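Report on the structure given below.
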Amino acid sequence: MEYLKRAILPIFLAGIWINISETLRWEFLIKSYWIEHHQNLGIVLPVEPINMIIWMIWGFIFAATIFIFSRKFNLWQTTFLSWFLVLVLLWVVLWNLNLLPNGIVPVAAPLGLIEAFVAAWICQKLSPQKSK
């Protein structure tokens, strides 16, 4: 039970950070690229409230993943491992489905890395690993 208590706050705050970061990046940097790309494919980008709720859940799952990695790895290992396993693999899947707009990755990659770093830092500072 103690572990659960020590996990909730870091995951919650890291999830808030991830969702704010994703929303700002979406609204101010890449939304128009996504909409235009989907229009060129002849499909409508799903941006209904349920889609946004699912993305918010995704952000908290990402935060939980970072928290789990932070229990075993240091800050930089946690950052790169979570960034690669969550964001890079997401981009590969979207690219494979032809849903990833050209030019997004050079913008999204460094911002995603910063996002993962800050979330990993939150998790490590609020729930430090027990000494072995």
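Read the figures in this text as sums done on the coordinates, not as results from a lab. Because the structure is a prediction, the values reported are computed rather than measured. Cβ: placed from backbone, ideal geometry, glycine included. Neighbour counts: every protein chain shown.
What nm value, rounded to one decimal, do you get for the distance between TRP91 and GLU2 when each label is placed 7 Å out toward the C-beta?
About 4.1 nm separates the two model spin labels.
Using alpha carbons only, what's the Rg to Rh ratio of the chain with Rh from Kirkwood?
1.02
Can you sort THR23, THR65 by how many other beta carbons sit within 10 Å, fewest first?
THR23, THR65
Quickly rank 108-114, 9-15 as a protection proxy: mean count of other C-beta atoms within 10 Å, highest first.
9-15, 108-114
Test of understanding: express the Cα radius of gyration of segment 71-121 as a ratio to 2.2 N^0.38 Å, with N the residue count.
Against the compact-globule rule of thumb, the ratio is 1.22.
Can you pull the one-decimal nm distance between simple spin-label points at ASN98 and GLN129, each 7 Å off the Cα toward Cβ?
4.5
Can you tell me the 0 to 90 degree angle between the C-alpha axis of helix 31-41 and the longest principal axis of the chain, rounded to 10?
50
Could you state the angle between the C-alpha long axis of helix 49-72 and the longest principal axis of the C-alpha atoms of the chain, as a value from 0 to 90 degrees rounded to the nearest 10?
Once rounded, one gets 40 degrees.
Helix 2-25: angle to the longest alpha-carbon principal axis of the chain, degrees 0 to 90, nearest 10?
Between the helix axis and the principal axis of the chain, the angle is about 30 degrees.
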